[in-house]
Amino acid sequence: MRKPIIAGNWKMHMTVDEAKAFVQEVDGLVPSADQVDTVICAPFTHLSTLTELVQERPIAIGAQNMYFEEQGAFTGEISPVMLSSLGVTYVILGHSERRQYFNETDELVNAKAKAAHQHKLIPIICVGENLEEREKDETKEVVQKQLIGALQGLSSAEASASVIAYEPVWAIGTGKSSTAEDAGDVISFIRSIVEDQYDQQVASAVRIQYGGSVKPENIAEYMAHPDIDGALVGGASLKPTSFLQLLEGRS
Ligand SMILES: O=C[C@H](O)COP(=O)(O)O
């Protein structure tokens, strides 16, 4: 039985003060960690404050990106060592906005995924097709290539511990969510690729989220699908009330 995982991706939103106020508002209202893994993926500048604030609380903190080297002359980058030393436990890798605006390739996502596991960070590996690819009926081909590229060389234990997020690019921030049936089909396909690459045990352990215009009103439809284990949520994770409602709608 896989535990649900609901992750808010704040993207480039909120000041540190707003982030503190958010955590104070949800404090005491987040379900216990044995029911759901609750994750907030915040900007780098907020991580130190947030990891301190959520101590002893059922909220984990994630980063939205990182570099794969441990240290060195990489101006502007953040390493896995820096993240894990703060108590950060998750890191989003290969988000479509990183792929689109910052030229992230499958090879880079793979190097980052390996580095994340070496430093005990759980990668949330994002895959998904854009509108043009969907219209050309290339969804599965695109997702398969991204997924195989990202998992290259990861051990069975590392693959099992990873989280995969299927986020069709055309559904991100547009209000046009994929139907639960369509999302479920692609996610079942993703699980079958994991089985091909590893085995049935890894495929049934890995958690796969849906992302793309998830809101309190539609989360339950996605969570009802047996292969969907959670959601990666942008816009609807920015307000405490809505975030708490997403957590309530998890099952
Ligand atoms: O990482 C989250 C996704 O990009 C979804 O964003 P959204 O919920 O605002 O559509």
Is it fair to say residue 107 is touching a Phe, Trp or Tyr at 6+ places or on another chain (Cβ under 6 Å), of a type outside the set (Lys, Arg) and open to solvent by 70 Å² or more (accessible area, probe 1.4 Å)? no
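Out of 158, 217, which single residue is closer than 23 Å to residue 63 by Cβ, charged (D, E, K, R) and outside any strand (DSSP E or B)?
On the way: 217 fails: closer than 23 Å to residue 63 by Cβ.
Matching residue, one of 158, 217: 158.
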Among the numbered criteria (1) among the charged types (D, E, K, R); (2) within 16 Å of the ligand (Cβ to nearest atom); (3) more than 21 Å from residue 96 (Cβ to Cβ), which single criterion is violated by residue 120? (2)
Can you tell me which residue in the range 1-20 is farthest from residue 239 (Cα to Cα), limited to those that are open to solvent by 50 Å² or more (accessible area, probe 1.4 Å) and of a type in the set (A, V, I, L, M)? 1
Options 75, 49; residue that is surrounded by fewer than 19 Cβ atoms within 10 Å (Cβ to Cβ) and within 30 Å of residue 24 (Cα to Cα): 49
Might you let me know whether the range 123-146 holds any residue that is in contact (Cβ under 8 Å) with a residue 24 or more places away in the chain, away from the ligand (no atom under 15 Å from the Cβ) and within 18 Å of residue 62 (Cβ to Cβ)? no
Look at residue 66 and say whether it is open to solvent by 60 Å² or more (accessible area, probe 1.4 Å), touching a residue at least 12 places away in the same chain (Cβ under 8 Å), outside any helix (DSSP H, G or I) and within 16 Å of the ligand (Cβ to nearest atom). no
Of the conditions (1) touching a Leu at 6+ places or on another chain (Cβ under 9 Å); (2) farther than 25 Å from residue 177 by Cβ; (3) not in a loop (DSSP other than H, G, I, E, B), residue 49 satisfies every one except a single condition; which number is it? (1)
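One line per residue, one yes/no per condition, for (1) under 22 Å from residue 39 (Cα atoms); (2) open to solvent by 30 Å² or more (accessible area, probe 1.4 Å); (3) more than 10 Å from the ligand (Cβ to nearest atom); (4) assigned to a helix (DSSP H, G or I):
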{"residue": "177", "(1), (2), (3), (4)": "yes, yes, no, no"}
{"residue": "181", "(1), (2), (3), (4)": "no, yes, yes, yes"}
{"residue": "186", "(1), (2), (3), (4)": "no, no, yes, yes"}
{"residue": "189", "(1), (2), (3), (4)": "no, yes, yes, yes"}
{"residue": "195", "(1), (2), (3), (4)": "no, yes, yes, yes"}
{"residue": "201", "(1), (2), (3), (4)": "no, yes, yes, yes"}
{"residue": "204", "(1), (2), (3), (4)": "yes, yes, yes, yes"}
{"residue": "208", "(1), (2), (3), (4)": "yes, no, yes, no"}
{"residue": "213", "(1), (2), (3), (4)": "yes, no, no, no"}
Scan the range 1-25 residue by residue and report those that are more than 27 Å from residue 161 (Cα to Cα) and either touching a Pro at 6+ places or on another chain (Cβ under 6 Å) or not in a loop (DSSP other than H, G, I, E, B) (or both). 16, 17, 18, 19, 20, 21, 22, 24, 25
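The values are calculated or read from the model by the stated rules, or taken from the named source; none is laboratory data. These numbers come from a predicted model, not from an experiment. Here Cβ is always computed from backbone atoms with ideal geometry, including for glycine, and neighbour counts include all displayed protein chains. Just the protein is used for accessible areas: all its heavy atoms, side chains included, with ligands, DNA and RNA removed. Shrake-Rupley method; radii C 1.70, N 1.55, O 1.52, S 1.80 Å.
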